[in-house]
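Comments concern the structure below.
The values are calculated or read from the model by the stated rules, or taken from the named source; none is laboratory data. All figures in this text were calculated on a predicted structure; none of them were measured in a lab. Positions of Cβ are backbone-derived with ideal geometry, glycine not excepted, and every protein chain shown enters the neighbour counts. What goes into the accessible areas is simple: the full protein's heavy atoms, side chains included, and nothing from ligands, DNA or RNA. Shrake-Rupley method; radii C 1.70, N 1.55, O 1.52, S 1.80 Å.
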Amino acid sequence: MSSTAHHDERIAKMTFASVYPHYITKVEKKGRTKDELHQVIEWLTGYDEAKLNALIEEKVTFETFFQTATLNPNAHLIKGVICGYRVEEIENTLTQQVRYLDKLVDELAKGKKMEKILRAS
């Protein structure tokens, strides 16, 4: 499923800081922790807690957030549907990366084991 240019642009300009509290709420409501959320984000992006906090403080856009990230080489193993889109079929790279993160947060909230979420063999 392809997304529209408007949709991709909206995602690119959205700040990570505006979405981050929703990620925390989502996982904590389901009994997971902020530390587990950070572990998932670090696995995908390479950002440790200090760098993550700095990016939140700077109110960087998702575009900047993923431009400076070192995406995990196993990120392509993230598959499935999130927000009505099959992540492996999203054509816009940035939108796909944001949906990777959404999918990982969703899996964490659904109680999946960390080894499965982090695509460990």
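Scan region 43-52 and give yes if some residue there is open to solvent by less than 80 Å² (accessible area, probe 1.4 Å), outside any helix (DSSP H, G or I), in contact with a strand residue (DSSP E or B) (Cβ under 7 Å, 6 or more places away or on another chain) and touching a residue at least 12 places away in the same chain (Cβ under 8 Å), otherwise no. There is no residue in region 43-52 that is open to solvent by less than 80 Å² (accessible area, probe 1.4 Å), outside any helix (DSSP H, G or I), in contact with a strand residue (DSSP E or B) (Cβ under 7 Å, 6 or more places away or on another chain) and touching a residue at least 12 places away in the same chain (Cβ under 8 Å). Screening Pro73 with (1) open to solvent by 70 Å² or more (accessible area, probe 1.4 Å); (2) assigned to a helix (DSSP H, G or I) gives one miss only, at (2).
When Thr61, Thr25, Thr68 are screened for being over 21 Å from Arg119 (Cα atoms) and in contact with a strand residue (DSSP E or B) (Cβ under 8 Å, 6 or more places away or on another chain), only Thr61 passes. When Leu94 is tested against (1) on the phi > 0 side of the Ramachandran plot; (2) modelled with pLDDT of 95 or more, just one condition goes unmet, and that condition is (1). When the criteria are applied in full, Asp35 fails the requirement of being crowded, with 18+ Cβ neighbours inside 10 Å and assigned to a helix (DSSP H, G or I). Tell me whether region 8-27 contains one or more residues that are acidic (Asp, Glu), within 17 Å of Cys83 (Cβ to Cβ) and not in a loop (DSSP other than H, G, I, E, B). The answer is yes, given that some residue of region 8-27 is acidic (Asp, Glu), within 17 Å of Cys83 (Cβ to Cβ) and not in a loop (DSSP other than H, G, I, E, B).
Contact annotation: residue pairs with Cβ atoms under 9 Å, 6 or more positions apart or on different chains, pairing a residue in region 65-84 that is small (Gly, Ala, Ser) with a partner that is open to solvent by 90 Å² or more (accessible area, probe 1.4 Å) and assigned to a loop (DSSP other than H, G, I, E, B), are Gly84/Met1. Out of region 86-109, which residues are touching a Lys or Arg at 6+ places or on another chain (Cβ under 7 Å) and either more than 26 Å from Thr68 (Cβ to Cβ) or in a helix (DSSP H, G or I) (or both)? Passing the criteria: Val87, Glu88, Val105, Leu108, Ala109.
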